[in-house]
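Contents: one structure, followed by commentary.
The values are calculated or read from the model by the stated rules, or taken from the named source; none is laboratory data. The structure presented is a predicted model; accordingly, all values stated were derived computationally and were not measured. Here Cβ is always computed from backbone atoms with ideal geometry, including for glycine, and neighbour counts include all displayed protein chains. Keep in mind that these areas ignore ligands, DNA and RNA; they rest on the heavy atoms of the full protein, side chains included. Shrake-Rupley method; radii C 1.70, N 1.55, O 1.52, S 1.80 Å.
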Amino acid sequence: MADPTENSEPGASSEALGVLRRVFGYDAFRGEQEEIIEHVVAGGDALVLMPTGGGKSLCYQIPALVRPGVGVVVSPLIALMQDQVDALRALGVRAGFLNSTQDLDERRMVEAEFLAGELDVLYLAPERLRLESTMSLLDRGKVSVFAIDEAHCVAQWGHDFRPDYLTLSALHERWPDVPRIALTATATEATRKEIAARLQLGDARHFVASFDRPNIQYRIVPKNDPKKQLLELIHGEHAGDAGVVYCLSRKSVEDVADFLVAHGVAALPYHAGLDARVRAANQARFLREDGVVMVATIAFGMGIDKPDVRFVAHLDLPKSVEGYYQETGRAGRDGLPSTAWLAYGLQDVVQQRKMIDGSEGDDAHRRRLTAHLDAMLALCEAVECRRARLLAYFGQRLPEPCGNCDTCLTPPVTWDGTIAAQKFLSAVYRLARERRQKFGAGQIIDILLGKRTAKVIQHDHDQLTVFGIGTELGAAEWRAVVRQLLALGLLAVEGEYGTLVLTEASGEVLGRRRDVLLRREPEKPSRARSAPGKPRAAAPADLPEAAVPLFEALRAWRASQAKEQGVPAYVVFHDATLREIATLRPESLDALGTVGGVGENKLAKYGERILEVLAESARAQAPA
Ligand code: ADP
Ligand code: ZN
């Protein structure tokens, strides 16, 4: 049907390149952008899987600008539409939106602009498409392309299902000649198939990008004093940076936010229990101001468009690798070096296993949850490259270790933990066999260490043959052993108290038929900012020392501009653009125009003023 070769116009691609340079101020396309854009401009349907920060927006914005008519973008992110439209207008693109936050007059005005062909891009909330009035509006105007953003929302079994997305299959029936492009950052094969089926994208070309995010440094550290560890991360590496901290419960969100504020970090809480207005206000501050840290439950973040989130920290274990990937993926959309940091400990494993046990739903459901958790635990306990593991989970291969994750930077030492495992498992066994008792990790570790605590004496546990046989390790080391035994399935958690029981596989260890290789935590967690040796392609070098004052001056100027216009700072310029300006110090408008992210419109609007900021900063730094 939509055969791209049928009506392909020669020069479509050079026209697209012209728009990229003139409007967006970028030199060249990235990855598959060019192919995707060419395909859609020529009238073909496309299904695009690209990680967050991969550059999906251009894939529909440029066809919308190149093809005659208005590009209609369906997006569930109503709260962000205003910002998205502002960002396009700042580039000189005629953009508008229709959603439930507008009153009738505002809506009428946008509709009139649409009909008059005075728009290039129209953002539309999916629930609008249920209305015949919206359909007939689209009939009366000219649509150049339908873009379906966050397309995984159509997948029933995915994590973000939106019933309104199901009506999107009607687009194809009503406007068979308008090309459609569906985009998502959700990587699994099952979701991709479901999207294609439900949106009737049978003839669409699939574009699957690499899901690697080379600028993100993945680190998973043992949890001992999480709030203090987090503070060290922020003070040591991310002072003044925007970041997101994920916690499991509302209470810990509040607690951690208070703690950070008390230690001088501009932190705000975000969870579903907060008043809707407070939530909206906190989100707006996070988006608009520089350097705000959002402490949140996972209710926060879908589609957060902020390009300069420098770190994502998890204080609790995510429930799945998908969740971990999506959440960490909110760091570093702009391609600059960023950190994904997770603190993880024995208690996380116990708690999550307990939650699965107590979860509603049938056995199959619990098995699925368990499989998700096991994959996440395997990532945490990995001794080889984390990135390679992560990508392998999505069926992609990394040709060599990445050099930019903790296990690459500080390879963990492995040790033969077979004897330790046997000691621990036999303590569990003896308690069950001789006493018909089950205990949590704490008591069993006390027994192995030969500690005569009140609880040990109360239960006569100092009479067990295993009492005091494990003094070669400390309590923290024993906890690491238990954590790994749980992760390996050599031990299981049971019931509401999180008591430990043996599994079938435990027998193999006790019967000396299986060795247990364990990971020893590095003494000092790695905190290198970048890989020694080869730099990663997408991660530009850190800002040179000499450019820092100028960068800060530009940031201050940007903040005042953003405030004046009531838009997020990144709508004015991205960090990456300011960094490049601070490094290059262009002396003319022409030179400034060559900087990435400085298109015609922004050059005309801000060019002179930026040259002034540069001159002022040069004067301030010159010796008197
Ligand atoms: P996604 O929607 O896939 O998360 P975006 O469309 O927001 O990603 O793009 C991520 C970042 O990359 C943005 O800062 C964008 O301006 C930038 N970008 C996209 N394409 C290019 C390109 N060809 N050259 C330079 N920067 C680009
Ligand atoms: Zn690695």
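Looking at the range 395-425 only, could you name the residues that are hydrophobic (A, V, I, L, M, F, W, C) and either within 15 Å of ligand 2 (Cβ to nearest atom) or surrounded by fewer than 20 Cβ atoms within 10 Å (Cβ to Cβ) (or both)? Result: L398, C402, C405, C408, L409, V413, W415, I419.
Taken over the range 360-391, the criterion of being of a type in the set (G, A, S) and more than 12 Å from ligand 2 (Cβ to nearest atom) is satisfied by G361, A364, A371, A375, A378. Counting residues in the range 215-222 that are open to solvent by 30 Å² or more (accessible area, probe 1.4 Å), more than 16 Å from ligand 1 (Cβ to nearest atom) and in the same structural domain as R333 (by TED's automatic domain parsing) gives one or more. Per the conditions (1) within 16 Å of ligand 1 (Cβ to nearest atom); (2) touching a helix residue (DSSP H, G or I) at 6+ places or on another chain (Cβ under 6 Å); (3) open to solvent by 10 Å² or more (accessible area, probe 1.4 Å), the sole criterion not satisfied by S320 is (1).
Got at least one residue in the range 95-113 being in the same structural domain as L201 (by TED's automatic domain parsing), in contact (Cβ under 8 Å) with a residue 60 or more places away in the chain and in contact with a strand residue (DSSP E or B) (Cβ under 7 Å, 6 or more places away or on another chain)? No; the residues of the range 95-113 include none that is in the same structural domain as L201 (by TED's automatic domain parsing), in contact (Cβ under 8 Å) with a residue 60 or more places away in the chain and in contact with a strand residue (DSSP E or B) (Cβ under 7 Å, 6 or more places away or on another chain). Of all residues in the range 419-461, exactly one satisfies the criterion of being small (G, A, S), modelled with pLDDT of 95 or more and part of a loop (DSSP other than H, G, I, E, B), namely G450.
Would you point out which residue out of A272, A280, A257, A239 is open to solvent by 30 Å² or more (accessible area, probe 1.4 Å) and assigned to a helix (DSSP H, G or I)?
Numbers: A272 fails: assigned to a helix (DSSP H, G or I); A257 fails: open to solvent by 30 Å² or more (accessible area, probe 1.4 Å); A239 fails: assigned to a helix (DSSP H, G or I).
None of the others qualify; the one that does is A280.
Within the range 268-325, the only residue that satisfies the criterion of being β-branched (V, I, T) and free of Cβ contacts under 8 Å to residues at least 24 places away in the same chain is V278.
Among the residues here, L449 qualifies as surrounded by fewer than 22 Cβ atoms within 10 Å (Cβ to Cβ), in the same structural domain as L502 (by TED's automatic domain parsing) and touching a Ser or Thr at 6+ places or on another chain (Cβ under 8 Å).
Scanning the range 154-208 for residues that are in a loop (DSSP other than H, G, I, E, B), modelled with pLDDT under 90 and under 26 Å from the mean Cα position of the chain (by Cα) turns up A155, Q156, W157, G158, H159, D160, F161, R162, A185, T186, A187, T188. Filtering the range 52-73 to residues that are open to solvent by less than 10 Å² (accessible area, probe 1.4 Å) and either under 26 Å from Y324 (Cα atoms) or within 21 Å of the chain's Cα centre (by Cα) (or both) leaves only C59. The set of residues from the range 43-94 being touching a residue at least 60 places away in the same chain (Cβ under 8 Å), more than 14 Å from ligand 1 (Cβ to nearest atom) and among the basic types (K, R) comprises just one member, R67.
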